[in-house]
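Encoded as structure tokens, the structure appears first; notes follow it.
The values are calculated or read from the model by the stated rules, or taken from the named source; none is laboratory data. Everything quoted here is computed from the prediction, not taken from an experiment. Ideal geometry is used to build each Cβ from the backbone, glycine not excepted, and the neighbour counts take in all protein chains shown.
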Amino acid sequence: MTAQTWLVLLGAYLLGSIPTAYIMARIVVGVDVRQLGDGNVGAKNTFESVGKLAGLVVAVVDVGKGALAVAAARYFSETEMVTLLAGVCAVLGHDFSVFLRLKGGQGMATTVGVFGTLFPQETAVGLVALAIVLAVTHNWDLSCGIGLGLLVIVMWITGQSTLRVLYTMTLLPIIGGKKLLQVWRGRRTAA
């Protein structure tokens, strides 16, 4: 890999690491978002604990982080593999922010930004499914699982390359893994 490639990947990680929810909660209510709600440094916790407008801003910025990381890799004429890795770096940056001592959110919004830039039509189908399931069940985690699972199926059906389908299948478990890690930490802290 070239020096430029390393800079693109480092830049994607640092971009993803910007703790939008932490900054927004400090500005709006003067509190560390990790001390509110479920302690997650993401849009959903900000929406529920700080306010709807603050949560919406965090969601938009976090989606933008993922989208910008992928767009920057493309701009610098990197290969598809490096572009895909830039997306992973942005999500990992969000989940393990260097600015928050390797703590962060679950990466849902940043992942949506990555997928939306790489596969806009398929991502739109997944988001519509997510919205429908959420409206019916009011269960965020179930809705995300179904919407993003459908994204993988739609990508396979529409003939996306094996690399892209596997990439999606590989990136999605980061969200679930991060959620499990947060639940485990919460139980350890409570004990």
Practice problem: Can you give me the ranges of the helices (runs of 4 or more DSSP H) entirely in segment 82-191 with at least 3 residues that are at pLDDT 90 or above and closer than 28 Å to A3 by Cβ? | Solution: 108-118, 162-190
Quiz item: Of (1) assigned to a helix (DSSP H, G or I); (2) closer than 17 Å to W140 by Cβ; (3) touching a Gly at 6+ places or on another chain (Cβ under 9 Å), M24 satisfies all except one. Which?
Solution: (2)
Quiz item: Give me the pairs: first residue in segment 61-79 and over 16 Å from F119 (Cβ atoms), second residue among the hydrophobic types (A, V, I, L, M, F, W, C) and part of a helix (DSSP H, G or I), beta-carbon distance under 6 Å, and six or more apart or on different chains, which are they?
Solution: D62/A43; D62/A109; K65/L15; K65/A90; F76/V8; E78/V8
Quiz item: Any idea which of V8, V63, V57 is part of a helix (DSSP H, G or I) and either of a type outside the set (A, V, I, L, M) or over 22 Å from L102 (Cα atoms) (or both)?
Solution: V57
Practice problem: Go through (1) surrounded by fewer than 17 Cβ atoms within 10 Å (Cβ to Cβ); (2) at pLDDT 95 or above and name the single condition G30 misses. | Solution: (2)
Quiz item: Just to be sure, is V41 among the β-branched types (V, I, T), part of a loop (DSSP other than H, G, I, E, B) and buried (at least 23 other Cβ atoms within 10 Å of the Cβ)?
Solution: yes
